[in-house]
Amino acid sequence: MRSNVSKLAAAAAVIAVAVVSFVVFHGSAQPAYAIEQTLEANRALTYVHIRIEPAGQGLAEAWAQFDDEGKPLRLRMEFPNTEDGPKSVVWQGNKAEVWFKAKNSDVIMAEPRILARFPEMLEVFDPRVRTEAIYKAQAAGAVTIEVKPPADAQSPITLIATATSSPGGREIYQINPVTKLVQQAERYELQGEEYRFVSRFEYLEYNEEPAPDVFTLNPPADVMRIDQTMQVIGVARGDLSDNEIAVKVAREFFEAMIAGDYAKAGQIAGGIPAEKMKEGFGELKFKRIVSIGTPTPHPDPRTHFLRVPCEVEVEADGVRQTKAFTPNIRHAYNQPDRWVIGGGI
């Protein structure tokens, strides 16, 4: 049994409420009340704050605010360890602001996919659909459900859902006995005869007024700011293959640097301001391209970069030399036809 919690944390909280409602109220004189209660909880969810363990290379903490119809208004996500280093993300109005902390850069980019995918997510996590699945799974003997009542007024209800067939798995939910909302959800995998911990979701806040700065990033004053929504970035791919466009991007970048066109070079590098491009290379002057080799995949496949080996003649302090560069090149985020340099050269 695999957990669906990680796909949409806020919705997963409501799903767990559906499971609890089924277990607690099924067989009582008012079974329909449980469903109505779950649907009401779904409609009422306006804000949630979640912490995830272990974070690994994924999401560690998230905040989400919803409108009256349950659609996301604002999101904030914290990623402590990614291929780009630690980063914070805020999404609102089809735009995402990403603070790349290791790179000291703050990038605004178009991100329409969250709303576009939301109907699909809602269909998967509709509490009524999930409740029906629990009915069927329990009736088929695929899942056993155990409920432990709270030990005292301050303790949660414990819900244990266990798969009955291989490979085996278990999910344990801690439920607030008053609100019927999930406080914590844990997933375990069966290894041999022992259930091993896989992940934990803690639901820290429900429907509270968000703090004023929750959905505002506060990078340092010296951060490099890039707004990709206000400019065309990268080089058009056209009909070129991945290797061909990677070579073209490298060539156009170095040609721009040779010409002293820092605005174009910055645009190819993902929208870096011209003054930052000039500042970044100091007194190094680019004179001519010596060679551009065959692209190779980046050692870390998560980056999707192609590395292009280049040799360029440069001049510093009146001395010329041939210097090796290896720009990392891939398509721009959400723009498969625009290829850019990213991750340094």
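The values are calculated or read from the model by the stated rules, or taken from the named source; none is laboratory data. Here the structure is a predicted model, which is why all the values come from computation and not from measurement. Here the Cβ is made from the backbone with ideal geometry for all residues, glycine too, and neighbour counts use every protein chain on show.
Details
- Taken over the range 57-91, the criterion of being out of contact with any Lys or Arg (no Cβ under 8 Å at 6 or more places or on another chain) and among the basic types (K, R) is satisfied by K71, R74, R76.
- Residue pairs whose Cβ atoms lie under 7 Å apart, sitting 6 or more positions apart in sequence or on different chains, and linking a residue in the range 166-194 that is farther than 17 Å from E205 by Cβ and without any contact (Cβ under 8 Å) to a residue 40 or more places away in the chain to a partner that is assigned to a strand (DSSP E or B) and among the basic types (K, R), are E186/R200; Y188/R170; Y188/R196; E189/R196.
- The residues of the range 270-291 that are in contact with a strand residue (DSSP E or B) (Cβ under 7 Å, 6 or more places away or on another chain), closer than 25 Å to Y333 by Cα and not in a helix (DSSP H, G or I), listed by number, are G270, G271, I272.
- All positions within the range 293-345 that are surrounded by 15 or more Cβ atoms within 10 Å (Cβ to Cβ), assigned to a loop (DSSP other than H, G, I, E, B) and of a type outside the set (S, T, N, Q): P295, H298, H304, F305, V308, P309, P327, Y333, G342, G343, I345
- For the range 192-211, a residue qualifies if it is over 30 Å from G168 (Cβ atoms), in a loop (DSSP other than H, G, I, E, B) and not hydrophobic (A, V, I, L, M, F, W, C), and the qualifying residues are N207, E208, E209, P210.
- Which listed residue, of T164, T229, T216, is in contact with a Gly (Cβ under 7 Å, 6 or more places away or on another chain) and surrounded by fewer than 16 Cβ atoms within 10 Å (Cβ to Cβ): T164
- All of E83, E111 fail the test of being modelled with pLDDT under 85 and of a type outside the set (A, V, I, L, M), apart from E83.
- Among (1) at pLDDT 80 or above; (2) more than 27 Å from P299 (Cα to Cα) - the single one V20 does not satisfy: (1)
- Criterion applied to G266, G270 was being under 22 Å from the mean Cα position of the chain (by Cα) and either crowded, with 20+ Cβ neighbours inside 10 Å or assigned by TED's automatic domain parsing to the domain that holds I108 (or both), and the one residue passing it is G270.
- T296 passes every criterion in (1) more than 27 Å from P86 (Cα to Cα); (2) over 24 Å from the mean Cα position of the chain (by Cα); (3) not basic (K, R) apart from (1).
- Considering residues of the range 148-169 that are at pLDDT 85 or above and farther than 26 Å from L45 by Cα only, the residue nearest to the chain's Cα centre (by Cα): G169
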